[in-house]
């Protein structure tokens, strides 16, 4: 149980840190990250918070991934819900300022990407399952047999186009995020000596079964 508690704390810290990174990139105000273009456009169109838009999107994407045959973990479920909740809390608290010029915005965007990269390490290393968007990427790759990079890029491009049509802001920040997120995540993993391919993620049923056994013992 102690091991599970430590892993759960690591997971929740990663999700909170991820939300901080998201809010920083949004408040950079030079164009949102690809998925946030969609979330902001969705929230503006249907009159809801960005966090709620993220939750609804995550649930829908998670459901599609399951239909396509992907298994999800407790980390997937918490990712669907908690990042959106944390984003709303952070934005409501208002302690992260909005950039007033391009230079400040560019610096905030880079800082946000770095924080998201570090958050990704904590979240993945907890080994409780991939996020819904990653699960969809894997499902589409498996079904189409196309390169994973092409599938991820195509999914994010569709999200950007739809979000832009709904009023989400596309700009230099969108390009910066697309260009640097992979490099920053890779660098973070290298610095922390972490190999994500060696992580064996637990599915939801495996976690529940393990917790039930530990509780009974």
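Between 0 and 90 degrees, rounded to the nearest ten: what's the tilt of helix 148-165 against the longest Cα principal axis of the chain?
It works out to around 50 degrees.
In degrees between 0 and 90, to the nearest 10, how far off the longest principal axis of the chain does helix 132-144 point, with axes built from Cα atoms?
It works out to around 80 degrees.
Dividing the alpha-carbon Rg of segment 34-107 by 2.2 N^0.38 Å yields what?
Working: Rg = 14.7 Å, N = 74, 2.2 N^0.38 = 11.3 Å.
Rg over 2.2 N^0.38 Å, computed on Cα atoms: 1.30.
Could you line up 133, 142, 213, 10 from fewest to most neighbouring Cβ atoms inside 10 Å? Don't skip to the answer; put the middle values down first.
Working: 133 22, 142 14, 213 9, 10 18.
By the 10 Å Cβ count, ascending: 213, 142, 10, 133.
Report relative contact order for segment 1-90 in percent, whole number only (criteria: Cα-Cα under 8 Å, sequence separation at least 6).
On the way: 71 pairs, mean separation 33.4, N = 90.
Taking the mean separation of contacting Cα pairs over the length of segment 1-90, I get 37 percent.
With springs only between Cα atoms under 10 Å apart, run a GNM on the chain and tell me which of 182, 31, 47 wobbles the most.
Sorting by GNM fluctuation, first place goes to 47.
Using the alpha carbons of segment 109-183, what is the convex hull volume per residue in cubic angstrom, as a whole number? Write down the numbers at each step before the final one.
Working: hull volume 8.1 nm³, N = 75.
It is 108 Å³ per residue.
Given the -39500 (n - 2.57) contribution per DSSP H run of 4+ residues, what per-residue ellipticity at 222 nm results for the chain, rounded to the nearest 500 deg cm²/dmol?
Working: 9 runs with 165 residues, N = 217.
Estimated from H runs of four or more residues: -26000 deg cm²/dmol.
Over the chain, with a Gaussian network built from C-alpha contacts below 10 Å, which listed residue (83, 67, 26) shows the highest mean-square fluctuation?
67
Remind me, relative contact order of the chain in percent, using alpha carbon pairs under 8 angstrom and six or more residues apart? Before the final figure, lay out the partial values.
Details: 342 pairs, mean separation 79.6, N = 217.
Relative CO of the chain lands at 37 percent.
In whole angstrom, how far apart do the alpha carbon centroids of segment 67-143 and segment 12-45 sit?
That distance is 8 Å.
Which of these, 180, 95, 86, has the largest mean-square fluctuation under a Gaussian network model of the chain (Cα springs below 10 Å)?
95
To check my understanding: the extent here is largest minus smallest coordinate of the Cα atoms along each principal axis. What are those three numbers for the chain, in Å, largest first?
Taking max minus min along each principal axis of the Cα atoms, the chain gives 58, 38, 37 Å.
Based only on other Cβ atoms within 10 Å, what is the fewest-to-most ordering of 164, 89, 35?
89, 164, 35
At a 10 Å Cβ-Cβ cut-off, how would you order 184, 102, fewest neighbours first?
Details: 184 19, 102 14.
With the fewest neighbours first, 184, 102 line up as 102, 184.
Report, to the nearest 10°, how far helix 172-191 tilts away from the longest principal axis of the Cα atoms in the chain, using its own Cα long axis and a range of 0 to 90°.
Roughly 40 degrees, rounded to the nearest 10.
Read-outs: derived from the displayed coordinates by stated rules, not from any lab. Everything numeric in this text was worked out from a predicted model, so none of it was measured. As a convention, Cβ positions derive from the backbone with ideal geometry for all residues, glycine included, and neighbour counts pool all protein chains shown.
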